[in-house]
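Where a number appears in this text, it was derived from the coordinates with a stated rule and is not lab data. All of these numbers come straight from a predicted model, not from anything done at the bench. Glycine gets a Cβ as well: all are built from the backbone with ideal geometry, and neighbour counts include every protein chain shown.
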Amino acid sequence: MTRLVAALLAVALALAACDPGTPAPATTASSTTEAGGTEVVRSFIEALNRGDGDAARALVAPDARFDSVGRLYPDRQAIFDRFLDPEVIAVGGRYSERGSRTEGDRLVVEYDFTTGSGGRERFTYAYRIDDGLIVDVVGRYV
């Protein structure tokens with residue numbers, strides 16, 4: 001009889017632990033793939049397209065990293081001083097989105113890029129967003 005009571009008690013405790021009223025642990029989506037991440041990227045590109053470096057800079061984390069087809073920029077200052085200011089803003093560069101998709105924790109956007117003098121390129125930027133700021137970008141030619 002003691003074994004039966006012990007077995008019933010063990011089953012009761014096991015069932016109590018599986019109470020369907022207990023919510024599962026919360027899962028959080030990556031900031032990149034949430035709607036806010038898409039909006040950050042859109043605002044960043046719109047700022048660059050209108051030549052507003054200050055607005056674009058405000059959307060990039062101070063310790064962000066940018067890999068532009070193998071050229072690495074280790075922080076926001078280098079990203080703007082050595083890449084975006086001279087190679088995008090100063091030449092009247094314009095990004096036109098061709099499409100986007102998510103890959104893991106990144107939003108990958110394909111662009112056609114033109115300069116004010118007619119230069120053209122096609123590439124993707126794979127963005128990672130955290131707390132409303134761009135923290136990492138990997139750019140590759142298509």
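Every residue, every condition in (1) of a type outside the set (Val, Ile, Thr); (2) surrounded by 15 or more Cβ atoms within 10 Å (Cβ to Cβ); (3) within 16 Å of the chain's Cα centre (by Cα), yes or no:
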{"residue": "55", "(1), (2), (3)": "yes, no, no"}
{"residue": "62", "(1), (2), (3)": "yes, no, yes"}
{"residue": "68", "(1), (2), (3)": "yes, yes, yes"}
{"residue": "72", "(1), (2), (3)": "yes, no, no"}
{"residue": "86", "(1), (2), (3)": "yes, no, no"}
{"residue": "101", "(1), (2), (3)": "yes, no, yes"}
{"residue": "109", "(1), (2), (3)": "no, yes, yes"}
{"residue": "117", "(1), (2), (3)": "yes, no, no"}
{"residue": "138", "(1), (2), (3)": "no, yes, yes"}
Residue 108 vs. criteria farther than 17 Å from residue 43 by Cβ and touching a strand residue (DSSP E or B) at 6+ places or on another chain (Cβ under 8 Å): yes
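Without any contact (Cβ under 8 Å) to a residue 40 or more places away in the chain and assigned to a helix (DSSP H, G or I): which single residue out of 87, 121 fits that description?
Matching residue, one of 87, 121: 87.
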Filter result for residue 80 (out of contact with any strand residue (DSSP E or B) (no Cβ under 6 Å at 6 or more places or on another chain) and of a type in the set (Phe, Trp, Tyr)): yes
Test for residue 122: is it within 16 Å of the chain's Cα centre (by Cα), exposed (fewer than 14 other Cβ atoms within 10 Å of the Cβ) and among the basic types (Lys, Arg): no
